[in-house]
1. Below 8 Å, C-alpha to C-alpha, sequence gap of six or more: please give me the relative contact order for the stretch 45-178 in percent.
2. When ranked by the protection proxy of mean other Cβ atoms within 10 Å per residue, highest first, what sequence do the peptides 143-150, 131-138, 173-180 form?
3. So, in Å, what gap is there between the alpha-carbon centers of the stretch 70-123 and the stretch 41-65?
4. Quick one: which residues, 5+ away or cross-chain, put their amide H under 5 Å from the amide H of residue 11? H built at 1.01 Å from N.
5. Please give the net charge around residue 130, taking every other residue with its beta carbon less than 14 angstrom from that of residue 130, where Lys and Arg add +1 and Asp and Glu add -1.
6. What is the sum of charges around residue 97, taking Lys and Arg as +1, Asp and Glu as -1, for the other residues whose C-beta is under 10 Å from the C-beta of residue 97?
7. Can you tell me which of 75-88, 34-47, 95-108 comes out highest on packing, and rank the rest after it, using the mean Cβ neighbours within 10 Å?
8. Does the stretch 83-181 classify as rounded, prolate or oblate by the C-alpha gyration tensor (a ≥ b ≥ c root eigenvalues; a/c under 1.5 gives rounded; else a/b over b/c gives prolate, otherwise oblate)?
Amino acid sequence: MIVKETKLKGCFIIEPQVFSDKRGYFVENYNQKAFNKALGLDINFVQDNESKSSKGVLRGLHYQLGEYAQAKLVRVVKGAVLDIAVDLREGSKTFGEHISIELSENNKTQLFVPRGFGHGFIVLEDETIFSYKCDNYYHKASEAGVIYNDKDLNINWQLPSSDFILSEKDLILPTLKDAKL
């Protein structure tokens, strides 16, 4: 696997090795020992989640607070998304900055999003299946978020906002200035 740290310390792009031939392909999506060694971390994922969405669905920007904060390893099984990670670590040199990366079934790229980051994505193709591992269990009372169109974050979601499909919950998230961190 090829691992590249992004401009946001602790956030990594992971390109697994893909073996292809006339039969198709094989890829090892996750190996805890190799993953931890490559990133220099000791991560123990305890929960796997998956979502299926249509083009234009925007999920995020989400995170969990305090002891329930989660690191995530995200990838696309089918289709494509524009994935966003926002540094919400108070005191970080890159606080409020974000990265965006296209994750797709074709490129097999993964993103490791550490604790203390907001995370979201917009679906670029119909019938997209998004998968993620979490290093902490979901805790409803600790869920939090930042509104997707916060002017201070200035995220280019790549699709026209008229195409966005958001949950009621995501439409009323606070700005970064008003968010609980």
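1. Contact order relative to length: 39 percent.
2. Top to bottom by mean Cβ count within 10 Å: 143-150, 131-138, 173-180.
3. 9
4. Distant-sequence amide H within range of residue 11: 6.
5. Neighbour charge sum, excluding residue 130 itself: 0.
6. +1
7. Top to bottom by mean Cβ count within 10 Å: 75-88, 95-108, 34-47.
8. Rounded, since a/c falls under 1.5.
Taken together, the values in this text are just the output of simple stated rules run on the coordinates, not laboratory data. Worth saying up front: this structure is predicted, and the values here are computed from it rather than measured. Note: ideal-geometry Cβ built from the backbone for every residue, glycine included; neighbour counts use all protein chains shown.
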